[in-house]
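The values are calculated or read from the model by the stated rules, or taken from the named source; none is laboratory data. This structure is a prediction, so every number in the text was calculated from the model and none was measured. For neighbour counting, all protein chains shown are included, and Cβ atoms are generated from backbone atoms with ideal geometry for every residue, glycine included.
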Amino acid sequence: MAIPALPPVLLYRLDRLRVEVGAWIAHTANVGLFIGVALLLGIGSSWYMIEVGTALTTVRQGPWTAWTNAATNNLDPYTRAHYARRGSLPLSASIAATYEARYDDDGHRLHSSCEYLLESPPLEASWWSLAAYDSGGLLIPNPADRHVFTSETYAPNPDGGFYIVLARDARPGNWLPVGGAGRLNLVLTLVEPRSAPAAGDPFAEVRRGPLPAIKRISCR
């Protein structure tokens with residue numbers, strides 16, 4: 001038995017329906033793609049603002065970065081999230097300048113499989129400290145139980161500057177053990193930098209003079 005042909009009007013309507021459904025599917029896919037791209041861009045930009053910072057929230061010199069609004073009345077949400085993510089409580093930027101370094105002078109990620117030389121001129125501050133942490137922000141366990149050098153515990157050069165060596169194995173002089181921590185974070189804190197004007201700019205030192213250079217010596 002032959003199947004009767006569909007009326008031309010019905011065929012036209014079915015074809016229109018096919019076209020409209022196809023257009024709706026394409027539109028939905030484009031909207032989904034747009035939303036996906038927007039989400040990725042939003043997440044990526046938020047990560048960058050929190051993890052790296054911008055000129056609005058940080059100052060930089062060489063490998064060192066300081067978050068200028070930390071623990072102040074001008075604390076912005078990105079600086080708050082930066083320290084909350086690390087679970088750390090920074091000193092107020094109105095009295096101290098805290099700098100972080102995760103890369104050496106050549107832009108390589110600091111890692112415990114490498115040995116580094118930190119070379120610094122005299123640091124003009126009432127008190128300073130330099131500590132090494134793992135990527136999770138924890139002090140690095142080591143047999144020497146040594147985690148930090150301060151303006152009271154380091155061996156200075158004749159001019160008041162210093163050398164500090166980051167290495168797994170013991171080194172003479174100012175040796176800061178890094179064990180097998182993997183990725184490293186360095187934190188340099190200057191309390192009451194003497195270069196700051198009376199009005200209060202604890203980051204004048206990073207804008208004015210050099211901070212410790214971080215040079216990679218060798219890697220395993």
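Of the residues in region 114-170, how many are touching a strand residue (DSSP E or B) at 6+ places or on another chain (Cβ under 6 Å), of a type in the set (Ser, Thr, Tyr) and farther than 19 Å from residue 182 by Cβ?
Within region 114-170, residues that are touching a strand residue (DSSP E or B) at 6+ places or on another chain (Cβ under 6 Å), of a type in the set (Ser, Thr, Tyr) and farther than 19 Å from residue 182 by Cβ number 7.
Out of the residues in region 49-78 meeting the condition of being touching a strand residue (DSSP E or B) at 6+ places or on another chain (Cβ under 7 Å) and part of a strand (DSSP E or B), tell me which one is modelled with the lowest pLDDT.
58
What single numbered condition from (1) touching a residue at least 40 places away in the same chain (Cβ under 8 Å); (2) surrounded by fewer than 18 Cβ atoms within 10 Å (Cβ to Cβ) fails to hold for residue 122?
In the conditions (1) touching a residue at least 40 places away in the same chain (Cβ under 8 Å); (2) surrounded by fewer than 18 Cβ atoms within 10 Å (Cβ to Cβ), residue 122 misses (1) alone.
Here are 190, 123: which of them is touching a helix residue (DSSP H, G or I) at 6+ places or on another chain (Cβ under 7 Å) and not acidic (Asp, Glu)?
190
Take region 147-169 and flag every residue that is closer than 14 Å to residue 117 by Cα and among the aliphatic types (A, V, I, L, M).
Of everything in region 147-169, those that are closer than 14 Å to residue 117 by Cα and among the aliphatic types (A, V, I, L, M) turn out to be 164, 165, 166, 167.
With region 138-220 as the region, which strands (runs of 3 or more DSSP E) entirely inside it contain at least 1 residues that are at pLDDT below 85?
Per the criteria, 184-193.
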